[in-house]
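Asks: I have a structure here, written as structure tokens, and I will follow up with some questions on it.
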Amino acid sequence: MSKPFEAGDLIIYPYRWLEEARAGRSPDGAKDRPCCVVISVTNTRGEPLILLAPISSKPPRPGQTALEIPDIERRRAGLTTHDSGWIYVGEMNQDEPNRSWYLEPQTPIGAFSRAFLSKIAAAAKLAMTGRSVINRRG
């Protein structure tokens with residue numbers, strides 16, 4: 001991979017929802033969707049590791065935690081096909097771009113501002129306490 005993903009980047013990814021994993025469905029996500037790179041770090045082998053939060057045009061159901069994406073952030077990130085959007089912060093996928101079966105080399109479709117990314121990270125920290133991260137490493 002030529003350039004590592006950075007926190008705030010939006011990419012297209014076959015996100016695997018926690019309920020899909022718990023139901024034992026295919027390890028592949030049901031469909032490709034926009035996802036936000038919430039954290040981008042280097043693992044112990046010196047390779048990139050990212051945590052991805054899914055984005056949907058559908059509001060959260062009971063038991064799901066999501067932030068509504070402000071209009072200015074949706075436009076900034078290139079998410080203009082729907083009138084509203086939510087970023088789900090109560091679950092995430094973990095992946096390694098250099099080893100992944102699920103990440104194709106790609107240019108981010110957009111990015112959220114640092115200010116909105118800070119809100120996402122704070123909400124995720126609260127919501128993820130005691131929750132699972134689905135490891136998608138290839």
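Asks: Can you give me the Cα centroid spacing of the range 64-135 and the range 5-49 in angstrom?
Replies: Between the Cα centre of the range 64-135 and that of the range 5-49, the gap is 9 Å.
Asks: OK, next. Among G8, G90, G110, whose Cα lies farthest out toward the positive end of the dipole of the chain, if unit charges sit on the beta carbon of Lys, Arg (+1) and Asp, Glu (-1)?
Replies: G90
Asks: Would you kindly state the longest site-free stretch of the chain, with sites defined as trypsin sites (Lys or Arg not before Pro) in a DSSP loop (not H, G, I, E, B) surrounded by at most 11 other Cβ atoms within 10 Å?
Replies: On the way: sites that count: K31, R45.
Here the longest run is 46-138.
Asks: A follow-up question, please. Determine the calculated [θ] at 222 nm for the chain from helices alone, applying -39500 (n - 2.57) to every DSSP H run no shorter than 4 residues and normalising by the residue count; nearest 500 deg cm²/dmol. Don't jump to the answer; show the numbers that get you there.
Replies: Working: 3 runs with 26 residues, N = 138.
Roughly -5000 deg cm²/dmol at 222 nm, from the helical runs in the chain.
Asks: Another question, if that's okay. Only Cα pairs within less than 10 Å get springs; with that Gaussian network setup on the chain, which residue of T44, T65, T80 has the largest fluctuation?
Replies: T44
Asks: Oh, and also: Is the C-alpha gyration tensor of the range 49-138 telling us rounded, prolate or oblate? Criteria: a/c under 1.5 is rounded; beyond that, a/b larger than b/c is prolate, otherwise oblate. If you can, show how the numbers build up before the last one.
Replies: Numbers: a/c = 1.74, a/b = 1.15, b/c = 1.50.
Cα axes put the range 49-138 in the oblate bin.
Asks: Right, something else. Taking all protein chains in place and a 1.4 Å probe, what share, in percent, of the accessible surface of the chain do carbon and sulfur account for? Each step should come with its number before you reach the end.
Replies: Details: 3930 of 7680 Å².
Carbon-and-sulfur percentage of accessible area, whole number: 51.
Asks: Still on this structure, please answer the following. Given the whole protein assembly as supplied and a 1.4 Å probe, what does the accessible area of L126 come to in Å², nearest 10?
Replies: The value for L126 is about 140 Å².
Asks: I would also like to ask the following. Nearest 20 debye, what's the magnitude of the dipole of the chain about its Cα centre given +1 on Lys and Arg Cβ and -1 on Asp and Glu Cβ?
Replies: Details: 19 positive and 15 negative charges, 42 e Å.
Its charge dipole is roughly 200 debye.
Asks: Can you list, bin by bin at 5 Å, the percent of alpha carbon pairs in the range 64-110, starting at 0?
Replies: Calculated over all Cα pairs of the range 64-110, the distribution is 5, 17, 18, 19, 22, 15, 3, 0 percent.
Asks: Rounded, prolate or oblate: which fits the range 45-91 when a ≥ b ≥ c are the square roots of the eigenvalues of the alpha-carbon gyration tensor, with rounded for a/c under 1.5 and prolate only if a/b beats b/c?
Replies: Numbers: a/c = 3.15, a/b = 1.37, b/c = 2.30.
Oblate shape, in that a/c is at least 1.5 and b/c is the bigger or equal ratio.
Asks: In addition: Between K31 and A122, what length comes free when the chain is fully extended (0.36 nm per residue of separation minus the Cα-Cα distance, one decimal in nm)? Walk me through the numbers before you get to the answer.
Replies: Numbers: separation 91, 0.36 × 91 = 32.76 nm, distance 2.72 nm.
Fully extending the segment from K31 to A122 adds 30.0 nm.
Asks: Let me ask another. With Cβ to Cβ distances under 13 Å as the rule, what net charge do the other residues near L117 carry (K, R +1; D, E -1)? Each step should come with its number before you reach the end.
Replies: On the way: positive: R76, R114, K119, K125; negative: E6, D9, E73.
Value of the local net charge: +1.
Asks: What share of the DSSP beta bridges in the chain is antiparallel, in percent to the nearest 5?
Replies: Numbers: 21 of 24 bridges.
Beta bridges within the chain, antiparallel portion: roughly 90 percent.
The values are calculated or read from the model by the stated rules, or taken from the named source; none is laboratory data. From a predicted model like this one, the values you see are computed outputs, not experimental measurements. Neighbour counts are summed over all protein chains in view; Cβ atoms, including those assigned to glycine, are modelled from backbone coordinates with ideal geometry. Ligands, DNA and RNA are stripped out before the accessible areas are found, and what is left, the full protein with its side chains, is counted by its heavy atoms. Shrake-Rupley method; radii C 1.70, N 1.55, O 1.52, S 1.80 Å.
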